[in-house]
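**Q** Can you read through this structure? Questions will come right after.
Throughout, read-outs are computed from the coordinates displayed, never taken from laboratory work. The structure presented is a predicted model; accordingly, all values stated were derived computationally and were not measured. In this analysis, Cβ positions are derived from the backbone assuming ideal geometry, glycine residues included, and neighbour counts consider all displayed protein chains.
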Amino acid sequence: MSATPSIAGLTNRNLFRIQFQEPYEEIILRDETTPNIRSITFSPKGTYLAYRTDRKAEIVKCADWSVAASIDGNYKEMFFSPLDNYFIVWEMFAITKDNPQGKHNLHVFRSTNGERVGAFIQKNQIGWEPKWSSDEKLFAMLVNNRVVIYEDVNLDRYTQSIQAEKLQSFSISPSTTPAYYFSIFTLGKSGQPSFWRVFKYPDFEVSQALVSRSSFQADKAAFYWNRRGTNVFAMTQTEVDKTGSSYYGKQSLSYGDVKGNAGNMSFSKEGPIHAIAWNPGNWNEWAAVYGHAPAKATLFNAKCEPLFEFGTGAWNAIYYPPEGNIILLGGFGNIATGHISVWDVRGYKNIGQCSAPDTTSLQWDPRGETFLTATTYPRLTVGNGYKIWHYSGALIHKRECVEKENLLSISWQPGTYPKSELSRSAPKSIEDATPKATGAYRPPGARNRPSTFTLHEHEKPHRPGQTLDAAPSKQAIKQKEKREARKARKAEERPEDASPAPPAAAPRAPFVSTGDPEKDKKIKNLNKKLSDIEKLKQQKAAGKQLELNQKAKIDSEAALLQELAQLKL
């Protein structure tokens, strides 16, 4: 294997590879003489590269890029076993006059020479993939509500099975010793809950389940095992969220381990769960991006205790390099900015930032020094091409497709490679002329001026329990601006040559009862009228224009005083 990793790419014109070193030249492996190449895939260890056309699938040895095997057929799906020893393909199931029962459409071949070692009928394209244990000792597939399990690649007869009504999906833990573990999901009948369970191979009775979790809101489930195969998450989801809070259905996350511990995971921010990922270099650590925009990202331990809060941002994806020493948080798809943030998960430091709009795929190189972003067809029909970035956010290389050229796929060759200078220092970034995402509209009067308005309030990175400086809310900022504007208006309306305020009226003598309730009532009424007249006289002295009825009240002051004096006699 080369000292530097390679990249394989596929366009509608050719299949090429790139040796990751200057000048990043594209070396053609297959040109237009091999028409209709549909897709490519590397084996997990990087030993082989396979491609398929509408006539054949071909396995290429990466050591010298020679052909190891060519297999005839119009295959739609393909992948390699975990140790690269076997090549699995799937073609559409069909019934013919000569074959009314249909022929085998799932095939298992040896990667070295294309020898077929097994064939099966698998009618549905969704969920067709068999599962392997990481040491390739176990081979399992879902057939008619049961999981059939073969040992030691003896694919003529299965040795074990897991059978359950409405069994929808399953997964095998990546552990090999001391035991293998299987997780399964069964859909509940009407009025009954769905279940996901964990079993230790080969004890598959319901009473022997190590973990058994139920949910009335689960139509499907996806399993996420840690590297050691000791802990697993089940992401369950309904097809439709009846509460209306999500277009994509309601999600929930629960966890379990092989010791029988289990529970439901709750997050500190409401909203969808965008992504979760175990650290491939640390079996005791995982990360999640969750919540309504701006989404929140958190690093947890296996006990689901938060280790570090990355804050909030325009994120919906998580990518770890193989070593797991850093983590990449990205926002793609319906997030137009394509913002990327790279963090050191040991020192909890942000070590890289960049923006890659219209990214449809992202992949770390095997050394964890650089990553590749690409815009591919048919997900996006324009702007196809790829870019190579240093983890610091520096752009190292880019290639844009020319007219009538589409990038279909591109990926790194897996493997083990020595570290380079890129792991210690960032290279000089090349110019990126890609149009950046357009910012929010601002009226002409507000342009080139600082703004206190923000669409979302963002949370800063911090450790759990760390006190954050409370930022003023949007409502508080708005009220403060209103108060300041009101003060400014009053200052403008105040006349510069303001006359002195009129002297205040002398205070009236305190009320003294006459002993006659009727007289006391009239005196109180007259005092109130005289008090109102004093206020009107002060307003008149300040220059305010009075109404006719207000002037009439002032003129009646003498009569009221005379009446008051008579009542006090």
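**Q** Lys189 versus Tyr348, label points 7 Å from Cα toward the beta carbon: distance in nm?
**A** The answer from the label model is 5.1 nm.
**Q** Viscosity 1.002 mPa s, temperature 20 °C: give me the Stokes-Einstein translational D for the chain in µm²/s, with Rh taken as the Kirkwood radius over C-alpha pairs. It would help to have the intermediate numbers written out before the result.
**A** Numbers: Rh = 29.8 Å.
Approximately 72 µm²/s, per Stokes-Einstein.
**Q** Note down the nm distance, to one decimal, between modelled labels 7 Å out along Cα→Cβ at Lys480 and at Asp31.
**A** 6.7
**Q** Quick one: length gained pulling Leu526 to Val206 fully straight, 0.36 nm per residue minus the C-alpha distance?
**A** Numbers: separation 320, 0.36 × 320 = 115.20 nm, distance 9.30 nm.
Gain on extension, Leu526 to Val206, equals 105.9 nm.
**Q** Compute the label zone of Ala94 within the range 132-164: residues whose backbone N is under 16 Å from the point 7 Å along Cα-to-Cβ.
**A** So the set is empty, nothing qualifies.
**Q** Modelled label-to-label distance, Glu563 and Ala488, 7 Å Cα→beta-carbon offset: nm?
**A** Calculated label separation equals 5.1 nm.
**Q** Out of Leu561, Ala542, Ser531, whose Cα points farthest toward the positive end of the dipole of the range 513-569 (charges: +1 Lys, Arg; -1 Asp, Glu; placed on Cβ)?
**A** After comparing all options, I get Ala542.
**Q** Roughly speaking, what is the centre-to-centre gap between the range 295-341 and the range 25-72 when only Cα atoms are used, to the nearest Å?
**A** 34
**Q** I would also like to ask the following. Give the distance, in whole Å, between the Cα centre of the range 358-392 and the Cα centre of the range 138-171.
**A** Distance between centres, Cα-based: 36 Å.
**Q** Right, next: Can you tell me the mean projection area, over all orientations, of the convex hull of the range 513-569's alpha carbons? Units nm², please. Before the final figure, lay out the partial values.
**A** On the way: hull surface 16.3 nm².
Taking the Cα atoms of the range 513-569, their convex hull projects to 4.1 nm² on average.
**Q** Can you tell me the FRET efficiency between Ala63 and Tyr24 if r is taken as the Cβ-Cβ distance and R0 is 25 Å, rounded to the nearest 0.05? Mind showing how you got there, number by number?
**A** On the way: r = 21 Å, r/R0 = 0.85.
Given R0 = 25 Å and the Cβ-Cβ separation, E is 0.75.
**Q** Loop only by DSSP, 11 or fewer other Cβ within 10 Å of the Cβ. Give me the trypsin sites (Lys or Arg not before Pro) in the range 327-404 that pass, ordered by residue number.
**A** Working: sites: Arg346, Lys349, Arg367, Arg379, Lys387, Lys398, Arg399, Lys404; in loops: Arg346, Arg367, Arg379, Lys404.
Within the range 327-404, the qualifying trypsin sites (Lys or Arg not before Pro) (loop, at most 11 other Cβ atoms within 10 Å) are Arg346, Lys404.
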